[in-house]
Every structure is written in C-alpha cells, then in structure tokens.
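Okay, so here's the structure we're looking at.
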Amino acid sequence: MSIQRLDVIVTSPGRNFVTLKITTSDGIIGWGDGTLNGRELAVASYLRDHVAPTLVGRDESAIEQTWQYLYRSPYWRRGPVTMAAVAAVDMALWDIAAKKAGEPLYKLLGGASRTGLMAYVHASGSTIERLNDAVAGYVDQGFQAVRIQSGVPGLGQIYGVHDAAPGAAYEYEPAGRPATDGSEPAALRPTEETWDTAAYLRHLPSVFAAVREQFGGELRLLHDGHHRMSPIEAAKLAKAIEPYDPFWLEDCTPGEDQAALRLVRQHSVTPLAIGEVFNSVHDYQTLITERLIDYVRSSTTHAGGITGLRQIMTFAGIYGIRSGFHGPTDVSPVGMAANLHLGLAIHNFGIQEYMPHSATALEVFRTSYSVDGGMLHPGETPGLGVELDEQAAAAHEYVPAYLPVNRLRDGSVHDW
Ligand code: KDG
Ligand code: MG
C-alpha cells in the first residue's frame, strides 16, 4: 500500500487552520495539523508545492523514514514553517497506521502510562477581582491547575488578558484581522499593544498573593511571561513569586537565548517551562543537559509531529524533565489529539494546556477526546480520533489574521 494523494485544506471556522489530508491507495485517510498562527499560507504552500509531490507513491507505514527524509533531504533544516509541514505529514501517517491497526494511536506509542492527563486552563481578568472570578469558575468545574494572567495598572490590552462576559465561555484568540489604513496600495497592519516590564514586575506578585489567598495552597498556579523579560528581570520575578508556590513560570525570557535561564536558576527555585516557539530537539540541548527547565512546552504541531516531539521527550526523560505541551486554540483539534495520545503514552508527562476550541471550529473538526473533572483523555476511536468535515470546512474561507505587535512606551518594538 502507498500514499496516493495529499490535499492541503485551509479553513477558517473562527480562526485559520492548515490541515493535511493523506489518502492511501487502499482508501484510508489520515489527518495532520500544520497550523502556524499568522503564517498559515507559508506552511500550506510548503506542503502543497514542495512536500506533496515527493511523497506520492511512498510506503505510508515508513513513518520514521519519511520524517528523516523530510527533515534531512531539503538541506534547509528546522524552522517553524518546515517543522509544521513535517508535523502535518507525521501526524497523518500515524493516524493512518493506528486506523489500520484499529487502535487509538496511544496504543501504538507504547500504550497508556496513566488513566488521564491533568489539564490546565487559562483564567484571566483585567483586574484581580475579575481574574479571581474566572479562577472560581474553573475550580467549580473541577480543574486543578489554572494559568493566571491579569491586567497591569496603567497598561491597556496585554498578552493573555481578556475579560469573559459574565456567564460566557472564555475564548482565547490573540490573532486578529489586520487593520487597513485606506492607503494605496492597501497596507495591512497587525494590531499594536504597549508594554512596560517594570510596571508588570511591580504588579504580578500581588496577583499571585490574591489568588493564593482566595483559593488556598492546593490549586496549581501557572503564569506565562511570553518572552518579555531580560534574564535579570526574569530572575527577579521568579524570586518574587516563589512564596506563592507557582507550578511554573513560562517563557520568562526570549526563547532563542537558552543560556538566559542560567541566571534565573541561580536566583530562584520557581519551576520553569519554555519551548512553544521551538521546533526541534536541538533548541532544547542546553536547557535539558544543564537542567535549566522543568517542563517542555512544545506541541506536536510545531515540533515535527509525534515523531519530533517524542524525540524531545525521550531526551528530556533522561534528565527527569516533564511535558507541558502547548495546547492553545491555534493548535487545531488534530494537533491537540496528537498531543493527548503522546502525553498518555510517555512516562514523563507533566501537565497539558487545554483551551477549548470554539463551537464553530468543532463543527469542522469532529473530535473524540474528552475533558472530565480537569482530566483529559484522547478517547478510544482508532487513529487520532479527529475527522475533518470537508463540506463544513469549505464554508469558512481563509481570512488574513496576525498576532499583535508589542511596543515599549518609547515606541521601540518589544517581544509580544
Ligand atoms: O500563537 C501564539 C499562541 O499560541 C501563544 O500566544 C499561546 O503563549 C501561549 C500559550 O501559552 O498558550
Ligand atoms: Mg505561552
């Protein structure tokens, strides 16, 4: 049997997703996620123009060899576009292999190491009071781990903060339609936000204090710094929140500077997580061998699929480092399912980020994973357990959407 067709589907049910459909000569269909927020069409072209023609006629069961072929043969290795494309192929081939075996994918990855995956959800509020209301809502639903993000006095819209209307579900979606300024030729500009690290550093310890005071010591509290601090600023924050026993501080420094976390480690025992913008095991080499992190934040979608992320987790496991896979809404339900199967199978699972997709997205992607009492499970459907409804997908055309640009008060561009 062999790969007969590869189709790339770009659909926008509320947000953009890139999905690869691989069909085998015996009619089995596998799905893979190649969504790269704000750069979707680059991955779609990479798959359509450069990958699909080279895979037709190949043995669909040769998953490792296909991964190595796509990684090594173009000469230009790694990078987010390449590795999202490799991920889409890899997931689709694993989906096919598990469907052929008639088993949920985790059984082909070694079987379940646990009964379910502890999830963390995003609670946010423009004020501490609103944040605490959001946390209370999740605690009532049985979640045991919550990421807390709060507005900073004096700053407007910032990363991760969005007030849900009372009673409404919180939907995380930072990518927005770029604005046009009426010029000719038309310019499309991402939205802009303003940032002040000193104000944030002054405020955040009081956020942790208030949440701990209201919810006690047991609830796991996480926070995302979104790459905005210098090493010494990050060290200051990690030390300041230590008394509130954070589960982790995520992305405190820019991701590409692995050595930056040495300084943070010298000053604090706050657990550190990083890696959502990484795409290969090499991005983790210093971080893992020097034990500078506690959690790996990559997702299957951005780190070369199940094969790529499994390499990272095997390496991390030798150093006792656990998973905290990226699971925002810009990882499609296909990528989310891949994260869950891998997380259920590996020994060194830690926690799984969970941001529910919108009802519109879930009309296009039919999922069989579940969340119950704060625990996720990929389900027992053969394969990944997610099918894309092509007719429903066709009703949602691609819409240009970009993540915001972040500037310091003096107008200089900062990390978003
Ligand atoms: O596309 C960017 C998002 O995936 C990112 O902002 C989400 O930081 C994020 C998180 O921790 O989920
Ligand atoms: Mg993050």
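Any read-out appearing in this document is the output of simple, stated calculations on the displayed coordinates, not a laboratory observation. If you're wondering where the values come from, they're calculated on a predicted model, not measured in any experiment. Glycine gets a Cβ as well: all are built from the backbone with ideal geometry, and neighbour counts include every protein chain shown.
Some points to look at:
- Estimated from the Cβ-Cβ distance and a Förster radius of 25 angstrom, the FRET efficiency linking Thr314 and Ala101 is about 0.70.
- A Förster distance of 41 Å, applied to the separation of the beta-carbon atoms of Glu218 and Arg77, puts the FRET efficiency at 0.40.
- The chain gives an Rg/Rh value of 0.96, both radii derived from C-alpha positions and Rh following Kirkwood.
- At the listed q of 0.12, 0.16, 0.18, 0.21 Å⁻¹, the Debye profile of the stretch 1-69, built from one uniform point per Cα, gives log10 I(q)/I(0) equal to -0.32, -0.55, -0.69, -0.89.
- Given charges at beta-carbon only (K, R positive; D, E negative), |dipole| of the chain in Debye: 920 debye
- Packing rank of 243-250, 192-199, where each peptide gets the mean count of other beta carbons within 10 Å, highest leading: 243-250, 192-199
- Here the extension length gained between Glu397 and Glu242 equals 51.2 nm, from 0.36 nm per residue of separation less the Cα-Cα distance.
- Above 21 Å, the calculated P(r) of the stretch 115-198 contains 44 percent of its Cα-Cα pairs.
- Each peptide in 302-309, 279-286 gets a packing score, the mean of other Cβ atoms within 10 Å over its residues, and the list from highest to lowest is 302-309, 279-286.
- Computed label-point distance, nm, for sites Ser25 and Asp257 using a 7 Å Cα→Cβ extension: 5.4 nm
- Proxy reagent accessibility, fewest Cβ within 10 Å first, across Phe315, Phe278, Phe17: Phe315, Phe278, Phe17
- Computed on the stretch 261-388, the Cα convex hull volume stands at 109 Å³ per residue.
- Extension gain from Ala112 to Thr289, taking 0.36 nm per residue of separation minus the Cα-Cα distance: 61.0 nm
- Packing-based exposure ordering (other Cβ within 10 Å, fewest first) of Leu287, Leu384, Leu340, Leu263: Leu263, Leu287, Leu340, Leu384
- Summing Lys and Arg as +1 and Asp and Glu as -1 over all other residues whose Cβ lies under 11 Å from the Cβ of Tyr244 gives a net charge of -2.
- Separation in nanometres of the label points that stand 7 Å from Cα toward Cβ, at Asp140 and Arg265: 4.3 nm
- Within the chain, helix-based [θ] at 222 nm, where runs of 4 or more DSSP H residues each add -39,500 (n - 2.57), nearest 500: -10000 deg cm²/dmol
- Packing-based exposure ordering (other Cβ within 10 Å, fewest first) of Trp67, Trp94, Trp76, Trp416: Trp76, Trp416, Trp67, Trp94
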